[in-house]
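A.B. asks: Below is one structure. I have some questions about it.
The values are calculated or read from the model by the stated rules, or taken from the named source; none is laboratory data. What you see is a predicted model, and the numbers here were worked out from it, not measured in a lab. Neighbour counts run over all protein chains shown; Cβ positions are idealised from the backbone, glycine included. All accessible areas refer to the heavy atoms of the entire protein, side chains included, with ligands and DNA or RNA removed. Shrake-Rupley method; radii C 1.70, N 1.55, O 1.52, S 1.80 Å.
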Amino acid sequence: MPTTEEVDRDLLRLLLLGVTDAAAGAQLGISLRTVQRRVAELMETAGVTTRMQLGAEAVRRSWV
């Protein structure tokens, strides 16, 4: 079973590729709601307000 950190990393990679939340969830085996919750939590952790900013911060912080 992957760790939360591994799922978050894979989720961020998929989102950076332009995959929809629903498709990312299906690929990772998690629900759409879980994807949305994880993205919101990652945005809060990164201190950003948009997904574009989250992508930039994920790269800057070497999360992906």
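A.B. asks: Restricting attention to segment 1-36, which residues are at pLDDT 95 or above, within 18 Å of G55 (Cβ to Cβ) and of a type in the set (D, E, K, R)?
C.D. replies: D8, R9, D10, R13, D21
A.B. asks: Does R37 meet the test of being charged (D, E, K, R) and out of contact with any helix residue (DSSP H, G or I) (no Cβ under 8 Å at 6 or more places or on another chain)? Steps first, please.
C.D. replies: Details: charged (D, E, K, R): yes; out of contact with any helix residue (DSSP H, G or I) (no Cβ under 8 Å at 6 or more places or on another chain): yes.
It is true that R37 is charged (D, E, K, R) and out of contact with any helix residue (DSSP H, G or I) (no Cβ under 8 Å at 6 or more places or on another chain).
A.B. asks: Within the set of pairs 6 or more residues apart or between chains, which connect a residue that is within 14 Å of T4 (Cα to Cα) inside segment 29-57 to a residue that is open to solvent by 60 Å² or more (accessible area, probe 1.4 Å) and among the charged types (D, E, K, R) with Cβ atoms less than 8 Å apart?
C.D. replies: Short answer, once both residue conditions are applied: V39/R51.
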